[in-house]
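See structure below.
Quick note: the coordinates plus some simple rules give every number you see, no bench work behind them. Please read these numbers as outputs of a predicted model, since none were measured by experiment. A quick note on method: Cβ atoms are made from the backbone with ideal geometry, for glycine too, and the neighbour counts reach across all protein chains shown.
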C-alpha cells in the first residue's frame, strides 16, 4: 500500500520539532555552526509575533519534512508574495514526490492569498535541488546578488 502524504501546520507545541528540522537542514547544507536559533526564540518569532509560518509533511502521520515561509512584498507587482525560507525532507523520504507536493502546497497558499510571487534561494552547489526547481518552471534570478548585514555589523549600522 502506498504511503499517504498529508500536511499539518505547526503549533506552539511543535517548536522543538521545528528546531530539529532546522538543525537537520543546516547539517545537510554544511552550515550547522550558523544555527543560533533556540526554542524560545523560534516560539517568540513564529507563534507570538507571527512573523513566519511552518507546516510539516507527514507520511502516514509521521513528520518527514517541513517548510518555513513568510510574506514579503513586491513594489513592482504591488502585492505580497511568499518567501520560502526553508524546505526540507529527511533523506530517507526523498524521491517520493514529497518535495513537489510541498511546493504545490506553498503555491496553493500563495494563490489563495492573492500573492504575486513565490520565491526562495538555493545554494549554488545544490545541483539536485536546482534541477528539481527548474523542472517545476522556477527561474533562477542570476542577475540579482543577495546582500546581508547581520550580527555586530547590523548593530553598528543601526547606531
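In Å, what is the Rg of the alpha-carbon atoms in the stretch 5-158, and how long is Dmax?
Calculated on Cα positions, Rg and Dmax stand at 16.0, 49 Å.
Calculate how many DSSP beta bridges within the stretch 1-157 are antiparallel, expressed in % of all such bridges and rounded to the nearest 5. Provide the component values of the computation, followed by the final result.
On the way: 22 of 25 bridges.
Of all bridge pairs located within the stretch 1-157, approximately 90 percent are antiparallel.
Just rank 93, 98, fewest to most, by other beta-carbon atoms within 10 angstrom.
Ordered by Cβ neighbours within 10 Å, fewest first: 93, 98.
Determine the relative contact order of the chain: mean sequence separation of Cα pairs under 8 Å and six or more apart, normalised by residue count, in whole percent. Please list the in-between numbers first.
On the way: 168 pairs, mean separation 26.8, N = 159.
Over the chain, the number comes to 17 percent.
Just how far, in whole angstrom, is the stretch 18-43 from the stretch 120-159 if you go by their alpha carbon centroids?
17
Kindly provide the helix-only [θ] at 222 nm of the chain, computed as the sum of -39,500 (n - 2.57) over DSSP H runs of four or more divided by all residues, to the nearest 500 deg cm²/dmol?
On the way: 5 runs with 50 residues, N = 159.
After summing the helix terms and dividing by residue count, I get -9000 deg cm²/dmol.
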